[in-house]
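Chemist: Sharing a structure, written as structure tokens. Questions coming.
The values are calculated or read from the model by the stated rules, or taken from the named source; none is laboratory data. It should be emphasised that the depicted structure is a prediction, and the values quoted were computed from it without experimental measurement. Positions of Cβ are backbone-derived with ideal geometry, glycine not excepted, and every protein chain shown enters the neighbour counts.
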Amino acid sequence: MKKFKYIILFVCLAAGITACRKLNIPPKNIIQDPDVFGSTGGVQAYMARLYSELPIEDFRYSPDMGLNFFWIIKPTPATTGEALSRDQGGSSSENFGDWHWDVWGGNYTTIHDCDYFIQTLPAYAKNYTQAQVNAWLGEAYFVRAMTYFALVKRFGGVPIVNKVLNYTPGSDVTDLKVPRASEKAVWDQVASDLDFAINNLPEVNADYGDGSRANKYVAAAFKSRAMLYAGSVAKYNKITLFDNDHNQLCGMPESEAAGYFQKAYDAAKMLDGKYSLYLSAWSPTDKNAQYQNFVNLFSDPASKENIFVREYQYPNSVHGYDAYNVPRQLMGPNGYSSEVNPTLDFVEKFDGLPKNPDGTLKTLDASGHYQLFSNTMDIFANAEPRLRATVILPGDVFKGQNIEIRRGIYTGSAAGGISPLLPAGSKSQYPTANLVVSSTAGQTAYKLPNGDLMNPAGLSGVFTGDQTCAISGFSVRKWLNPNLATSQVLENNETQTWIEMRYAEVLLNRAEAAAELMSLGQTGSINTADPFTIVNQIRSRAGADLLTGAGDATIDVVRNERRKELAFENKTYWDLRRWRIFDKEQNGTIYRILMPFYSADAGKYFFDQRTDERNDVYTYDTRWYYEQIPGGAISKSSNLIQNPGY
Amino acid sequence: MKKIFYYAALLMAVGVGSSCNKTDNYAAPSSTITGSTVDEGTGQTVQTEIGGGGTRVKLLETSYSANPVPIYFQSKQDGTFNNTKVFPATYKVSVEGPFVPLVQTDNTGTVVSDSSQTIVLKDQATLKFKVQPFLRVEWVGKPVVNADKSVTVQVKVTRGTSNPAYQLDVTNINLYVSNTQYDGQNNYDPRYSTLTSYSGSNGTALLGQTITITTTGGALPLQDVYFRVGARINAGLNQYNYSTPVSVTF
């Protein structure tokens, strides 16, 4: 018995001796560097992660929820004055933390992933051709540049961390508490990372040439966007913040502006002849073709205008743009609709509308009575085709349906003309006398004098008690998929491609940079005809009125063109920030809407323009030009200095 | 053997009882910082708005660190402040708001003047900061109720500083209407308030003049209504200087 015990003990000990030897075998259940960096498949997987982390404001972005969030009910256009949304009641900064976007930790994770890739790949370079290695490094630098860009446009100067930081157990962590660099240093980091990408990426990405991964020109296009942002900050920013070592964390000397604008101009010029404006269905004379062309631009994968896109795939990566934004009468089974309702202020920017001398839409006749129309589309008969492709106007056709938008039926007499329902500028509710309205989509038809029945409100609104309708009198058209069956208009079900960078923006970047350089008297290395030529190129494609003289292409004209062309693409938000005019446009502002009414007596429609019936006031806080650094980031790294005013 | 077992059990019981007994032994902050932000020209407190867009007090706890993370608390609307939950320590205190900054830096970040006050806080400290407001907004007479139940007010806006860096154009002069005295750009009734933006030097031309402003939107509701006029220049964080709130009872 005792013998057995000894034997057992001996066996156990012997097993123990050999067992310890095996501990230096790498764990089989953890993916190691050679697994990732040793094969093209591994690198592909790493790239997939980098690109999914790439901070771009796509279908899944809203200032409220940040990136990669599915539920977009406070959409970006409802913060910029492009549109109103029932869920957005005023100006807004971005929300970070809690269940919103972890902007700090998230972006620094991406920067870490880029740094790790850049540091590690060279050790495995022998497995690949030099061209492959250069291209992949170029992509990592591209993603890192985009991530620094995302940080600097929100916060100003942020810590620059270009190598992986490692914690040594037992050390104090002072070396990990990297302080903020100056804002200029971060913009220059963005520029130099993009320059590396431009120099190392091929003309066409060898892994995916469809614009979903970067190439040389993608990097150049984003360089034009970033440098234009930097130049605008240098020129227009008024907020400054220094640390104790005189690093300017917020703002840059105005003298830097010209240098950045020149970089933006030169980068945009690199794309000359490589991409082109989409004109497949366009005709110089046919307004309908121009409309269809602008609609197709957002869904044609063969478009030569697409520079950089984000693709989606069911069920791994999806969005719900149509579900949230279709007009009410085309509502999908989830029950959402009409989150983006363009304002009259936005619609009035376009050409081809009857206007008063002050630029507002003309809805009254010479005697001060409402003009009457047989059809709600009559007032828009000559509207610029790009407007129709961007906004669903009341009565226009979408998915084969007449999109019916009507505020109510006016039952008063039309003899001698109908006087305005409210005094000009009034912010009061509409009077209840002589007006039949509907509070929800469940309507009771009104009997017209000729005996016909008519619902008080249109099928897409406006409903007074329930704002799931076209609360501004308009609904958004851009990006909506006309071929998506209503049963498929669901959240988390759509795979329409997001175009983050298209050639029209690059042209407009170039025009704006040139106009800015001209205003600074720096015309040495630019073509001073560019702003005029480019605005007319864009307008001609849009079917808008052309500028007549080169002197007309001022900075304001170029900006306005940009706001029309890139509307609802989540670009205007950043433009208003970098021009530092958000606080001027949203200064106790109530946006304007256009309400179509049907006169039962006249048997015709009339339009009333007024301020938002909800009286939602937009006031942009100047502090928001530099967002608040999340408190959690400062608690972890007390070297971080908070931005002014928070 | 049994004895040892009992001792061990007793020891463990004591351990269990005392281990969880560690309360936060640091007394709650109970010192007070109180005081006011005063216009050095008129001796009046500088009116501001409640919330993040108004005057606030900045505390730097220099006895904790040479480069501490600042602590802020908000001033009241009338320009006084009071915080009764502060730890006793040495603080460098300043105020930030719609007036010439107490800590001024040049365009390279060098501090050129610093009127912060350093206090060794024990129980209570009262501070008075003399500042130069960007603008002074003063009533001229009382609000007048018109026949149509709208209200007309008169104010005078003047500069509160001769500092050349802050002689900027006046961009806004707004009459705010509210049903509470906490009236300002972040709390007003848009139906009746009259907001005016000025471009170029149009607003500046009104400095020193009696400005007449009438509420918009016709008759005011027949209840207590408060009026306040705010004006600003495009400096710093674009904050407003305000008149005192006045009320009209119909």
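Chemist: For residue A:58, all conditions in the list (1) touching a helix residue (DSSP H, G or I) at 6+ places or on another chain (Cβ under 8 Å); (2) modelled with pLDDT of 95 or more; (3) not hydrophobic (A, V, I, L, M, F, W, C) hold save one; what is the number of the exception?
Modeler: (1)
Chemist: For the range B:146-155, state whether one or more residues are more than 18 Å from residue A:622 (Cα to Cα), within 13 Å of chain A (Cβ to nearest Cβ) and in a loop (DSSP other than H, G, I, E, B).
Modeler: Within the range B:146-155, one or more residues are more than 18 Å from residue A:622 (Cα to Cα), within 13 Å of chain A (Cβ to nearest Cβ) and in a loop (DSSP other than H, G, I, E, B).
Chemist: Those residues that are of a type in the set (Gly, Ala, Ser) and more than 11 Å from chain B (Cβ to nearest Cβ), I need them from the range A:610-646; list them, please.
Modeler: Listed by number, the residues that qualify are A:632, A:633.
Chemist: Looking at the range B:225-243, which of its residues are over 16 Å from residue B:193 (Cβ atoms) and either touching a Ser or Thr at 6+ places or on another chain (Cβ under 7 Å) or more than 10 Å from every other protein chain (Cβ to nearest Cβ) (or both)?
Modeler: Those that are over 16 Å from residue B:193 (Cβ atoms) and either touching a Ser or Thr at 6+ places or on another chain (Cβ under 7 Å) or more than 10 Å from every other protein chain (Cβ to nearest Cβ) (or both): B:233, B:234, B:237, B:238, B:241.
Chemist: Going through the range B:76-101 one residue at a time, which ones are outside any strand (DSSP E or B) and within 14 Å of chain A (Cβ to nearest Cβ)?
Modeler: Correct list: B:97, B:98, B:101.
Chemist: For the range A:189-243, enumerate the residues that are within 20 Å of residue A:144 (Cβ to Cβ), of a type in the set (D, E, K, R) and in a helix (DSSP H, G or I).
Modeler: Answer for the range A:189-243, where residues must be within 20 Å of residue A:144 (Cβ to Cβ), of a type in the set (D, E, K, R) and in a helix (DSSP H, G or I): A:193, A:195, A:216, A:223, A:225.
Chemist: Say whether the condition of being within 14 Å of another protein chain (Cβ to nearest Cβ), within 23 Å of residue A:238 (Cα to Cα) and surrounded by fewer than 21 Cβ atoms within 10 Å (Cβ to Cβ) is met by at least one residue in the range A:554-576.
Modeler: Yes: one or more hits.
Chemist: Collect the residues in the range A:517-529 that are surrounded by fewer than 23 Cβ atoms within 10 Å (Cβ to Cβ) and in contact (Cβ under 8 Å) with a residue 12 or more places away in the chain, keeping them in residue-number order.
Modeler: Result: A:518, A:519, A:520, A:522, A:525, A:526, A:527, A:528, A:529.
Chemist: I would also like to ask the following. Here's a check for you: in the range B:80-111, which residue that is in contact (Cβ under 8 Å) with a residue 24 or more places away in the chain and of a type in the set (Gly, Ala, Ser) is farthest from residue A:253 (Cα to Cα)?
Modeler: Once the filter is applied, the top-ranked residue is B:89.
Chemist: Looking at A:607, A:532, which one is surrounded by 19 or more Cβ atoms within 10 Å (Cβ to Cβ), within 30 Å of residue A:464 (Cβ to Cβ) and more than 14 Å from chain B (Cβ to nearest Cβ)?
Modeler: Exactly one of A:607, A:532 is surrounded by 19 or more Cβ atoms within 10 Å (Cβ to Cβ), within 30 Å of residue A:464 (Cβ to Cβ) and more than 14 Å from chain B (Cβ to nearest Cβ), namely A:607.
Chemist: Quick one: residue A:550 ticks every box in (1) within 14 Å of chain B (Cβ to nearest Cβ); (2) surrounded by fewer than 18 Cβ atoms within 10 Å (Cβ to Cβ) except a single one, so which number is it?
Modeler: Going through the list (1) within 14 Å of chain B (Cβ to nearest Cβ); (2) surrounded by fewer than 18 Cβ atoms within 10 Å (Cβ to Cβ), residue A:550 breaks only (1).
Chemist: Please count how many residues of the range B:188-219 are assigned to a strand (DSSP E or B), more than 10 Å from chain A (Cβ to nearest Cβ) and among the hydrophobic types (A, V, I, L, M, F, W, C).
Modeler: The qualifying residues number 2.
Chemist: Among the residues of the range A:375-395, write down those that are part of a loop (DSSP other than H, G, I, E, B) and under 14 Å from residue A:597 (Cβ atoms).
Modeler: Passing the criteria: A:375, A:376, A:394, A:395.
Chemist: Could you tell me whether residue A:514 is crowded, with 17+ Cβ neighbours inside 10 Å, under 19 Å from residue A:221 (Cβ atoms), touching a residue at least 40 places away in the same chain (Cβ under 8 Å) and not β-branched (Val, Ile, Thr)?
Modeler: It is true that residue A:514 is crowded, with 17+ Cβ neighbours inside 10 Å, under 19 Å from residue A:221 (Cβ atoms), touching a residue at least 40 places away in the same chain (Cβ under 8 Å) and not β-branched (Val, Ile, Thr).
Chemist: Still on this structure, please answer the following. For the range B:53-71, enumerate the residues that are crowded, with 16+ Cβ neighbours inside 10 Å and within 13 Å of chain A (Cβ to nearest Cβ).
Modeler: B:53, B:54, B:55, B:56, B:58, B:60, B:61, B:68, B:69 - these are the residues of the range B:53-71 that are crowded, with 16+ Cβ neighbours inside 10 Å and within 13 Å of chain A (Cβ to nearest Cβ).
Chemist: Could you please give the count of residues in the range B:174-187 that are more than 14 Å from chain A (Cβ to nearest Cβ) and either of a type outside the set (S, T, N, Q) or on the phi > 0 side of the Ramachandran plot (or both)?
Modeler: Total meeting the criteria: 1.
Chemist: Continuing with the same structure: Scanning the range A:244-260 for residues that are assigned to a loop (DSSP other than H, G, I, E, B) and farther than 24 Å from residue A:145 by Cβ, which turns out nearest to the other protein chains (Cβ to nearest Cβ)?
Modeler: Residue satisfying both the conditions and the ranking: A:246.
Chemist: How do the pairs read when you match residues in the range A:410-431 that are farther than 20 Å from residue B:220 by Cα and within 14 Å of chain B (Cβ to nearest Cβ) with residues anywhere that are assigned to a loop (DSSP other than H, G, I, E, B) and acidic (Asp, Glu), using Cβ under 6 Å and keeping only pairs 6 or more apart or on different chains?
Modeler: none
Chemist: What is the one condition in (1) under 37 Å from the mean Cα position of the chain (by Cα); (2) assigned to a loop (DSSP other than H, G, I, E, B); (3) not hydroxyl-bearing (Ser, Thr, Tyr) that residue A:416 does not satisfy?
Modeler: Result: residue A:416 passes all but (1).
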